[in-house]
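Each reported figure results from applying straightforward, stated rules to the coordinates on display, with no laboratory input. These figures come from a predicted structure and were not determined experimentally. Every residue, glycine as well, gets a Cβ built from its backbone with ideal geometry; the counts of neighbours run over all protein chains shown.
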Amino acid sequence: MSEFVAFVISGLVTGAIYALLASGLVLAYSASGVLNFAHGATAFLSALTFYELHEGLGWPAVPAALATVFVFAPALGLLLDRVMFRRLAALGEIPQIVATIGLLVALPALGLWIVKLLTDAGVDLAPAENQFGLPGVGPSPAKHWKLMHGVGIDSDQLITWIVTAVVAIALWILMRHTPLGLRLRASVDSRTLTELRGVSADRLSGIAWMISSGLAGAVGVLAVPMLSLSSVDYTLFLFVSAAAAVLGRFKSVPIAFGGGLLLGVVQNLVAGYAPSWTEKITGFRTSVPFVLLFVGLLVLSRSKRSAGTAAVDAPPPDYLAGMPPLRRWAPWIAAWLFAAVSLYTWTTAFWIGLIAQGLAAALVFLSFTVVTGLGGMVSLAQATFVTASALTAGLLMSHGVSFFLALVAGTLVAVVLGVVVALPALRLSGRMLALATLALAFLGDQVLFQMRWFRNGDAGWAVPRPVVGPVDLNDDRALGLALLVIVAAVVVLVRNLENSASGRAMLAVRSAPPAAMASGVSIVRTKLALFAISAGIAGFGGVFWASFNTRITAGEFTAMNGLVWLAIVVAAGIRRPQFAVVAGLTFGLFPHVMEEYVTSSPHVPVILFGLAGLALAGNPEGWCVQMAEAGHTLRARIGGGGKPSVPKPRVAVAERPEEPAAANGHGADVLLRLRGIRAGYGDVEVLHGVDLDVRAGSILALLGANGAGKSTTCAVAAGLVVPTSGTVELAGQGDVMRDITRLSAVRRSRDGVLLAPEGRGIFPSLTIDENLAMWLRSADERARVYERFPGLAARRKVPAGSLSGGEQQQLAIAPLLVRPPRVLIADEPSLGLAPLVVEEIFRFVVELRDMGVALLLVEEKASEILTVADEVAFMSVGRVSWRGPRAEVDEARLTAAYLGIETADRDRADRAAAAVRDEVTPA
């Protein structure tokens, strides 16, 4: 019994650390959508700050801890949110993963470098590297208490439990009983809808990052006695705590917190009560958390239904498209010839060695181009393939096998491991797949590469360079030239793969899996092939990299090395293999260039490598692509070329829109005005000069076929889409129109312009009462809703997502009847509702009109909405083709506009009107 209690107590200590880290991960992810791989690095930087304040500057432990947790860590979180995370939130998963991995690398090095600079400047700081057995917040040395025979606790453990308990209570109060917590939980459901309710999602994101970093700061302070100043250990703890975040599905802070505590206890109990045969498995006990992480990802992560989606990750346009192949490749061929000649002419032996090392790294980096650049899957296990292949080759060569047979065997071992690692990719994607591959990589480090027969102890295996006839690769020049040829061959093979039928299938699986599957492409076989080819290239390059070093050890290329490699390759340009070569040479040459010409500090190159991920926030395709495109554009301008202008297609419209007359009996004051609106998404223009007036106490019905641009018009009016030209105006004091074109959706909502988006416009995970509180701040206002809708009152504690469609739409409109906006834009309010429910919704709409609200109602079907509309506008292909009072709606003209027919052809319009008579009913 005492042994069990001891395991539980010690497990609760590490579990408390996991709980705090997992809670911070979930908070930041839920508010911004960014999974922060650098969360552990933030904890390390906080630990370093606390250590220097306490030990270096002599502050008492408690003030140093408070300054770290409540000042330094939140300020760091806010800074990172403003500089980086807000921009990353709008990008895809790959830039987000790589940028935060870059921070993981850069932040610890930045902290140590700053300490070194301050020490050199005369500030009396304590040595920061290789420090162990450091004091924490409590007494030093720690006090010990005996609870029972064989079971005791110390003051550091007690403080950790107390702080964790206080944090748990504070988080529960924050998330469940404060307006801030309500808004944070709402932003998890829908960031856009939160802004449409007048709450700034960016401000919520900043607050969430401050709290998240504060939790990381608490971990840094509490874990100093346990982890000392080891950035690797803090990072490992972070990845273990990710299992608890997965348990909470990256949404629930309480579940993640409890999961962290449970994880620490389970880890201890499994390691303590494991069968005796597990003792023969080296590294079993340290690998338990990563097994739990991997299993948790597979069991708890659900793949989203993808049917019906368009391109998920379409490749960017190629600025060299249409250029002859020879011209496209001429600069690279010239660079290759220059490098080959330089190896045997003016390059010194020192730089030849660095170039050879960079080319060996480039071979490995090319594997990322296949799995991530072509396949769109983030693999963090590439270092595992490198180590496994090199160790296999070294083991075989120690038994007399030739280099080339060992190379083939090592490559095949990497391919087999690649297929094994690919298995999670059949179920997971994005961030979850990255975490799963990282868990497998850590398992390789902790278990596979700890087998003595495989690793040959700390000495490793010798991997001598081969001799091919008269060519002795022990000469760095010969090895460099050989690698130059091999790298060029692999680049050509990768490019051929991209242009082959198999490569097109791989790109189809990346861009649009449902469409690829419908075309007969096997997603399972394609993903397995991607991982197998990528692992084979990594293993092949790993043997040559080990051969360059002439020896391989199990700790030469760890999972953490793989994180740095991915950051470098993606920062350079992940989609094109030639940029992986640039990344490899940068990796080999840059640190020594910095040491030779800039600074001797080993931290600066690491910082710059890590911060390269910041560039992804500006261009997700990498700095090489950005520079190449800029050079191409500049040359085109100098040469008088440039992009040819493509004339926009002319669209036939029914007739020139007429100025609408005042609505009969409902006032004529314009509250919202759109003039000359052109807008779209990316390079695709959807609206081509839209003009609309929305009047007080009047309903303007915006009709049109699917794809006419109605939803985009709503988004422009509400501030979700910024037009490329034109103005949006809102009546202010004295009915003076003011330009709100550049105002955000949050500002417009606060000014009384509210969008009820297509769908239900509710927060599914919030209760009915919490949904109402997002618009009605006072309990009296919500009580008025419950008086009007007793059905909602009886279920006020029920999550809104469990209501029927009609009840959800009722919940969306109910608070507006109590606190009506000035302008209501409703996009398809009758979508998916039963006829009786639609009648009720339109009764509410009429009631809002009678309150003086200006309403813009968007519908695809005209029959129901024309019964309540005062004015009608019809859209066709991004233009308002007709508008006017409902009484003047002409069936033939409306039908002609609906079908895009010239109005001169009245006979065709009449025939079309008869065909759709049931859909379009005049007043």
Open item on the list: Please list, by residue number, everything in segment 180-219 whose backbone N is under 13 Å from a paramagnetic label point 7 Å out along Cα→Cβ of residue 174.
Closed with: 180-185, 204-219
- [ ] Return the sequence-ordered ³J(HN,Hα) values of segment 737-748 in whole Hz as given by the Karplus equation 6.51 cos²θ - 1.76 cosθ + 1.60 applied to θ = phi - 60°, using x for Gly and Pro.
- [x] 6, 10, 6, 10, 4, 9, 6, 6, 4, 5, 5, 5
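Could you work out [θ]222 nm for the chain from helices alone, using -39500 (n - 2.57) per DSSP H run of at least four and dividing by all its residues? Round to the nearest 500 deg cm²/dmol.
Values: 36 runs with 517 residues, N = 923.
Only helices count here, giving -18000 deg cm²/dmol.
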TODO: Return a whole-number percent for the relative contact order of segment 61-173, with Cα pairs under 8 Å and 6 or more residues apart as the contact set.
DONE: 18 percent
Open item on the list: Relative contact order for the chain: what percent, with Cα pairs under 8 Å and sequence separation of 6 or more?
Closed with: 14 percent
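Round to the nearest 0.05 the FRET efficiency obtained for residue 596 and residue 140 when R0 = 60 Å and r is the Cβ-Cβ distance. Write out the running numbers ahead of the final one.
Numbers: r = 43 Å, r/R0 = 0.72.
The calculated FRET efficiency here is 0.90.
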Task: Residue-count net charge about residue 857 - beta-carbon cut-off 11 Å; Lys, Arg +1, Asp, Glu -1 - done: -4
- [ ] Compute the Cα gyration tensor for segment 759-818, then decide on rounded, prolate or oblate, letting a ≥ b ≥ c be the square roots of its eigenvalues: rounded whenever a/c is under 1.5, prolate when a/b is larger than b/c in the other cases, and oblate in all that remain.
- [x] rounded
Task: Most to least packed among 716-728, 102-114 [average Cβ atoms within 10 Å] - done: 102-114, 716-728
Open item on the list: As I understand it, the value is the acute angle between the Cα axis of helix 577-597 and the longest principal axis of the Cα atoms of the chain; what does it come to in degrees, rounded to 10?
Closed with: 60 degrees
- [ ] List 23, 200, 287, 804 from most exposed to least, where exposure is judged by having the fewest other Cβ atoms within 10 Å.
- [x] 804, 200, 287, 23
TODO: Counting only C-alpha contacts under 8 Å and six or more residues apart, can you give the relative contact order of segment 759-818 as a whole percent?
DONE: 52 percent
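Tell me the net charge near residue 32. Cut-off is 15 Å between Cβ atoms, residue 32 excluded, with +1 for each Lys or Arg and -1 for each Asp or Glu. Mind dumping the intermediate values first?
Numbers: positive: 82, 86, 87, 183, 185, 191, 203, 251, 431; negative: 81, 93, 189, 195, 202.
It works out to a net charge of +4.
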Task: Packing rank of 741-750, 834-843, 694-703, where each peptide gets the mean count of other beta carbons within 10 Å, highest leading - done: 694-703, 741-750, 834-843
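Taking the Cα centre of the chain as origin and charging only Cβ (+1 Lys, Arg; -1 Asp, Glu), how large is the dipole, in debye to the nearest 20?
Details: 72 positive and 67 negative charges, 165 e Å.
With Lys and Arg at +1 and Asp and Glu at -1, about 800 debye.
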Task: Using θ = phi - 60° and Karplus 6.51 cos²θ - 1.76 cosθ + 1.60, couplings along segment 187-199 (whole Hz; Gly, Pro as x) - done: 5, 5, 5, 7, 5, 5, 5, 4, 5, 5, 8, x, 10
Task: Acute angle (nearest 10 degrees) that the helix 501-511 long axis makes with the longest principal axis of the chain, alpha-carbon atoms - done: 60 degrees
Open item on the list: For the chain, take the longest principal axis of its alpha carbons; what is the angle in degrees between that and the long axis of helix 284-300, to the nearest 10 within 0 to 90?
Closed with: 20 degrees
Open item on the list: Report the gain in length on full extension from residue 778 to residue 161: 0.36 nm times residue separation, minus Cα-Cα distance, nm rounded to one decimal.
Closed with: 218.4 nm
TODO: May I ask you to derive the FRET efficiency for residue 416 and residue 467 from their Cβ-Cβ distance with R0 = 30 Å, giving the value to the nearest 0.05?
DONE: 0.55
TODO: Would you mind telling me the antiparallel percentage of the DSSP bridges in the chain, rounded to 5?
DONE: 60 percent
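Where nothing but the Cβ of Lys and Arg (+1) and of Asp and Glu (-1) is charged, how large is the charge dipole of segment 338-558 around its Cα centre, in debye to the nearest 20? Display every interim value, and only then the final one.
Numbers: 12 positive and 7 negative charges, 128 e Å.
Using only the charged Cβ atoms, the result is roughly 620 debye.
Taking the mean number of other Cβ atoms within 10 Å as a proxy for protection, how do you rank 867-873, 54-60 from highest to lowest?
Working: 867-873: 22.6, 54-60: 16.4.
Per-residue mean Cβ counts within 10 Å order the peptides as 867-873, 54-60.
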TODO: Compute the Cα gyration tensor for segment 338-558, then decide on rounded, prolate or oblate, letting a ≥ b ≥ c be the square roots of its eigenvalues: rounded whenever a/c is under 1.5, prolate when a/b is larger than b/c in the other cases, and oblate in all that remain.
DONE: oblate
